[in-house]
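Read through the structure below, which is laid out as structure tokens, and then see the notes.
The values are calculated or read from the model by the stated rules, or taken from the named source; none is laboratory data. All of these numbers come straight from a predicted model, not from anything done at the bench. Backbone-built Cβ (ideal geometry, glycine too); neighbour counts: all protein chains shown.
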Amino acid sequence: MANVAFIGLGVMGYPMAGHLSQADHQVSVFNRTQAKASSWTKQYSGKMASTPKEASEGKEYVFACVSKDDDLREVCTGENGIFAGMSENSIFIDHSTVSEKVTRELYSIARSLGVGYVDAPVSGGQAGAENGVLSIMCGGNEDTYAKAEKIMQCYARICRRMGPTGAGQLTKMVNQICIAGLLQGLAEGLNFASKAGLDGNSVVEVISKGAAGSWQMDNRHETMLKGEFDFGFAVDWMRKDLGICLDTAEEIGASLPMTAVVDQFYKDIQSIGGGRWDTSSLIKRLQYFD
Ligand code: NAP
């Protein structure tokens, strides 16, 4: 069993760190808001640290799951940051969804310290984290990844190396690009069904068995038809992710016309107070602006 640290006990990080503890690893945790770390140590076996550096000292693996590029920079660098605590030959695993740019920047610092780096964003949401069935898309060198994979298995349904450092974040971008267009299509279809006087649930019962079926259709159509969005993956998060996709697309010369439009639709949802709503709230926008 390994000595590990987990930084960032949010919706995703809290249960992931819990799985590490339940897999009998020795876990130290740090969370900026201390109350979350206190409740984590009451629920699971592990220690609470007062800085990312303290949590990371002497650990073989250090995990982070924080919000955005600047947050990751903040927890990794600086005199009380993760890298100040990590020793040579230890491995840093980043589960945050961030840009490839910040990933490369932090990887180069880690490399200069002799620390291994795996970018490992996840898909599967809160339920996937709690049930230990996340899809994890990774970037990093083969040896480092092989070691990290063994530890991540305790909360993964699938964990795969997609290429060198940054490839995990690029794969997560593909995931978000695919979801954005798909959700807008689903919102338009369900809204159209209602306007046409059809029963949305019956429509889905039939078409979900054919070529139109999707995870979003299976798991979101009922709440979309009821107008319930107070759960799930927040629009604010999706805009952060689509911003990363659009910036990267510009750098690599990829065209993302649909993603750009859906990003603006999410901006509309934020303007009507829906920043915390689930991403399936695109149907509410259609109804609101109809
Ligand atoms: P969250 O609940 O908002 O948690 C964010 C965590 O990061 C909290 O522990 C927060 O500390 C910490 N944090 C943020 N900025 C920090 C800073 N500057 N310094 C120190 N700590 C900081 O978010 P989440 O839902 O767990 O998401 C985490 C990451 O996973 C994001 O990149 C998100 O895009 C990605 N993700 C989320 C989901 C999902 O369904 N939620 C799914 C896939 C991927 P405090 O407690 O002090 O705020």
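Quick notes
- The lone exception for Ile158 - which of (1) touching a residue at least 24 places away in the same chain (Cβ under 8 Å); (2) more than 14 Å from the ligand (Cβ to nearest atom) it fails: (1)
- Taking the stretch 28-129 as the region of interest, the helices (runs of 4 or more DSSP H) fully inside it that hold 2 or more residues being more than 14 Å from the ligand (Cβ to nearest atom) are 34-43, 82-85, 100-112.
- Those residues of the stretch 139-161 which are in contact with a Cys (Cβ under 6 Å, 6 or more places away or on another chain) and surrounded by fewer than 20 Cβ atoms within 10 Å (Cβ to Cβ), in sequence order: Glu149
Conditions tested, residue by residue: (1) in contact (Cβ under 8 Å) with a residue 40 or more places away in the chain; (2) assigned to a loop (DSSP other than H, G, I, E, B); (3) within 30 Å of Gly166 (Cα to Cα).
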| site | (1), (2), (3) |
| --- | --- |
| Ala187 | yes, no, no |
| Met217 | no, no, no |
| Arg220 | yes, no, no |
| Cys245 | yes, no, yes |
| Ala254 | no, yes, yes |
| Thr259 | yes, no, yes |
| Phe265 | yes, no, yes |
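- Looking only at the stretch 130-139, residues that are in contact with a Gly (Cβ under 7 Å, 6 or more places away or on another chain) and away from the ligand (no atom under 13 Å from the Cβ) come to 2 in all.
- Single residue of the stretch 7-27 satisfying the filter (under 12 Å from the mean Cα position of the chain (by Cα) and assigned to a loop (DSSP other than H, G, I, E, B)) that is nearest to Lys53 (Cα to Cα): Gly10
- Test for Leu170: is it in contact with a Lys or Arg (Cβ under 9 Å, 6 or more places away or on another chain) and within 16 Å of the ligand (Cβ to nearest atom): no
- Some residue of the stretch 167-180 being closer than 30 Å to Asp247 by Cα, among the polar types (S, T, N, Q) and surrounded by fewer than 19 Cβ atoms within 10 Å (Cβ to Cβ): yes
- Some residue of the stretch 277-290 being surrounded by fewer than 12 Cβ atoms within 10 Å (Cβ to Cβ) and either touching a residue at least 12 places away in the same chain (Cβ under 8 Å) or farther than 30 Å from Arg104 by Cα (or both): yes
- Glu228 touching an Asp or Glu at 6+ places or on another chain (Cβ under 9 Å), at pLDDT 95 or above and part of a loop (DSSP other than H, G, I, E, B): yes
- Total residues in the stretch 120-143, condition of a type in the set (Asp, Glu) and within 15 Å of Ala167 (Cα to Cα): 1
- Answer residue from the stretch 76-85, given it is farther than 12 Å from Val102 by Cβ and touching a residue at least 12 places away in the same chain (Cβ under 8 Å) and is surrounded by the fewest Cβ atoms within 10 Å (Cβ to Cβ) among those: Glu79
- For the stretch 214-245, a tally of residues being hydroxyl-bearing (Ser, Thr, Tyr) and within 24 Å of Met173 (Cβ to Cβ) returns 1.
- Of the numbered criteria (1) free of Cβ contacts under 8 Å to residues at least 60 places away in the same chain; (2) surrounded by 15 or more Cβ atoms within 10 Å (Cβ to Cβ); (3) in a loop (DSSP other than H, G, I, E, B), the one Gly210 fails is (2).
- Residue in the stretch 265-275 that is out of contact with any strand residue (DSSP E or B) (no Cβ under 6 Å at 6 or more places or on another chain), hydrophobic (A, V, I, L, M, F, W, C), farther than 21 Å from Ala127 by Cβ and within 12 Å of the ligand (Cβ to nearest atom) present: no
- Residue match in the stretch 194-204 (condition: under 26 Å from Leu256 (Cα atoms) and of a type in the set (Gly, Ala, Ser)): no
- Residue in the stretch 180-198 that is within 16 Å of the ligand (Cβ to nearest atom) and in contact with a Pro (Cβ under 9 Å, 6 or more places away or on another chain) present: no
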